[in-house]
1. Projected area of chain B, taken from the Cα convex hull and averaged over every viewing direction, in nm²?
2. With a 10 Å Cβ neighbour count serving as the proxy for reagent exposure, in which order, fewest first, do B:Y334, B:Y45, B:Y184, A:Y41 appear?
3. Quick one, what does Rg over Rh come out to for segment B:3-100 if you take C-alpha atoms and the Kirkwood Rh?
4. About its Cα centre, what dipole magnitude does segment B:225-294 give when the only charges are +1 on Lys and Arg Cβ and -1 on Asp and Glu Cβ, stated in debye to the nearest 20?
5. Using only the Cα atoms of the protein assembly as shown, what do you get for the radius of gyration and for Dmax, in Å?
6. From the phi of every residue in segment B:59-71, what ³J(HN,Hα) in whole Hz does the Karplus formula 6.51 cos²θ - 1.76 cosθ + 1.60 yield, where θ is phi - 60° and glycine or proline is x?
7. With N set to the number of residues, divide the alpha-carbon radius of gyration of segment B:107-195 by 2.2 N^0.38 Å and report two decimals.
8. So what's the back-of-envelope 222 nm ellipticity for chain A, counting only DSSP H runs of four-plus at -39500 (n - 2.57) apiece and dividing by all residues, rounded to 500?
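No value in this document is a laboratory result; all are computed from the given coordinates. Remember, predicted model here, so these are calculated numbers, not experimental data. Here the Cβ positions follow ideal geometry from the backbone for every residue, glycine too, while neighbour counts run over all protein chains shown.
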Amino acid sequence: MNEYTQHVTKAFDQELSNLRTHVLEMGGLVEAQIRAATTAYATGDIAVVAEIVDADTRVNDFEIVIDDECAQVVAKRQPTAFDLRLVMGVSKIVTDLERVGDEAKKIAKGARRIHQRGQMPLPRAADVRHVSSVTVAMLRQALDAFARLDAEASHEVIRADEEVDIAFKAILRQLITFMMEDPRTISTAMDIIWIARAIERIGDHAKNIAEHVIKIVEGRDIRHPPKEKKA
Amino acid sequence: MSLPVVNALVYTLVALALALVAALLVSAEVGWVVFTLGLLLQLGYHLRQWTLLEAWSRQPAPENELGGSGVWYEPFSRLYRHERELRQQIAHWQSELARFGAAGQALTFGIVATSQGERIEWLNRAAEQLLGLDQRADLGQPITHLIRQPAFVAYLEAGDFAQPLKLRSERAGERVVAVRVVDYGEGRRLIQITDVTQAERLDQTRRDFVANVSHELRTPLTVLSGFVETLQELELDAAERRRYQDLMAEQSLRMQRIVQDLLSLSTLESAPPPPETERIDVAALLDKLKRDAEALSGGRHAISLEIASGGDILGAEGEIASALGNLVSNAVRYTPEGGTIRLHWQSGPAGAEFAVVDSGIGIEAADIPRLTERFYRVDRGRSRETGGTGLGLAIVKHALGRHQATLEITSQPGEGSRFAVRFPAARVVGL
């Protein structure tokens with residue numbers, strides 16, 4: 001009997017562990033996608049755009065697989081307390097990650113439009129690069145927080161989102177001035193606005209992920225940090 | 001019966017003997033009483049030893065001596081010795097372990113030891129820094145949860161570690177690291193991380209350099225082959241033919257100059273360090289520089305030479321003459337007609353300074369740090385027009401660097417520039 005129950009929990013632990021590994025693997029893929037997309041925008045190396053668009057189907061596949069795994073765990077194990085919060089949190093995080101993948105695709109396509117249009121000085125390119133590096137860092141921190149189940153780091157991610165929002169508004173204002181001064185820049189400036197918007201949305205999704213992590217971690221006795229649970 | 005058992009029974013036998021004597025001499029009752037008392041005493045004695053052992057077993061530390069008496073003396077002291085030796089051994093192995101741990105921590109490259117499921121068992125400080133991990137918080141965590149780059153995950157999964165993997169470590173300030181993995185059985189792996197940022201940057205510079213050289217040579221070559229084709233295919237009159245030949249000569253001269261400059265750069269790179277005893281006559285050198293400048297200028301600029309104090313330089317005359325000459329000819333070429341060019345020499349106990357001050361077109365502040373890069377040009381068209389190869393200042397910097405001298409550039413766009421060469425005191429003689 002004892003051997004049997006142990007076996008069951010072990011298998012359950014393994015399932016939870018696989019769930020987290022898959023989420024983080026998907027996260028890694030999405031992170032790489034954003035990096036490639038923002039680099040394509042900054043350097044004009046649009047050869048990678050097709051790759052980024054392709055990677056999105058892999059991200060979507062991950063979403064389906066992980067959702068299915070979540071449903072399996074709930075149906076087979078009826079998880080409670082922390083385990084339940086983890087499963088629920090994972091299914092929400094996956095949705096956010098999938099959207100981040102979509103935003104990365106938008107950035108890549110926008111970069112392709114801008115750079116195909118020709119050699120035109122990119123207004124505010126430096127600002128966009130700065131914001132994109134901040135959001136990439138935010139997403140990384142949010143996923144780190146999920147891996148380490150670290151509520152403290154999650155709070156930092158949430159705070160960083162404000163900075164991104166402010167920077168986005170500043171970019172918007174400057175681009176509007178730019179367009180008013182020289183109408184020939186409008187189409188490029190519009191594309192840059194779409195890119196900046198996508199980056200800002202990625203920041204929001206990173207913040208959502210951080211909030212899910214806090215939900216997973218908190219509500220648990222702090223004397224038994226969930227690290228012991230160690231997926 | 002073995003000796004310890006006999007020893008243990010001695011008191012029982014004594015009690016029995018006394019009881020028998022009492023029974024014979026007094027009465028059977030007294031005999032029983034004596035026997036019982038004897039046994040009780042013995043029981044008390046053994047109980048006392050038992051309490052000692054009980055107390056010690058709760059805290060079997062080497063400082064708490066376990067002292068038994070009589071028959072208990074031997075087994076107690078053996079037990080105590082055994083305990084003490086065990087503890088000594090544990091302490092010994094602990095210090096050995098700590099020593100190995102410290103050695104691992106002191107390694108300059110990163111090490112992460114993982115067990116089944118890529119879980120982090122141990123990592124050193126360098127790994128912490130290079131990968132942005134946390135030595136305390138991340139133990140037991142699968143490494144792929146933290147280093148999530150798809151390339152890394154795929155590399156670990158594929159299990160083919162013949163080639164190291166190059167990875168951009170995002171958490172450590174965009175450093176480039178090379179990852180090597182060694183399997184050492186039972187699903188355990190040792191992941192070695194080395195910082196290759198510097199090598200990567202050098203590689204990049206080299207690739208850029210090769211690309212630049214090819215580009216610089218291709219441009220005149222294209223022109224040249226274009227003219228060759230024209231000459232071959234078209235019937236041209238003598239004047240046109242002559243014009244094309246002149247242009248071809250100009251382009252081939254350009255290529256020659258580039259190759260010449262590249263050769264002098266590579267000579268500078270591979271040459272032995274410049275002599276520290278050979279004295280260069282600065283006054284004569286400056287005079288020659290001034291005459292060369294005047295010849296190049298053809299009377300379009302006002303050129304002056306000021307020698308504030310004497311002093312000569314120790315080093316390779318050819319290198320110094322070509323470096324300073326380069327600065328002077330740059331000044332002539334980038335100063336519009338009617339401008340002034342001032343050559344200035346000053347030396348003192350802190351070293352010597354040669355400066356070329358012109359009233360030329362000046363340089364934007366953003367361009368100044370990149371001026372000495374190979375093939376860097378502020379204004380491509382203009383520089384070619386004036387016959388530059390894009391290597392001049394790179395050669396200057398290199399030649400000066402070999403003499404521990406530095407090049408300092410200050411400039412104001414539209415107003416002029418000042419190129420100053422500072423020689424260290426050790427290179428200056430004859431003050």
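1. 43.2
2. Details: B:Y334 22, B:Y45 15, B:Y184 9, A:Y41 27.
Neighbour counts put them in this order, fewest first: B:Y184, B:Y45, B:Y334, A:Y41.
3. On the way: Rg = 21.0 Å, Rh = 16.4 Å.
The Rg/Rh ratio comes out at 1.28.
4. Values: 9 positive and 15 negative charges, 39 e Å.
With Lys and Arg at +1 and Asp and Glu at -1, about 180 debye.
5. Gyration radius and largest Cα-Cα distance of the protein assembly as shown: 41.2, 162 Å.
6. 9, x, 8, x, 6, 8, 5, 9, x, x, 10, x, 5
7. Numbers: Rg = 11.6 Å, N = 89, 2.2 N^0.38 = 12.1 Å.
Against the compact-globule rule of thumb, the ratio is 0.96.
8. Details: 6 runs with 195 residues, N = 231.
Rounded to the nearest 500, it is -30500 deg cm²/dmol.
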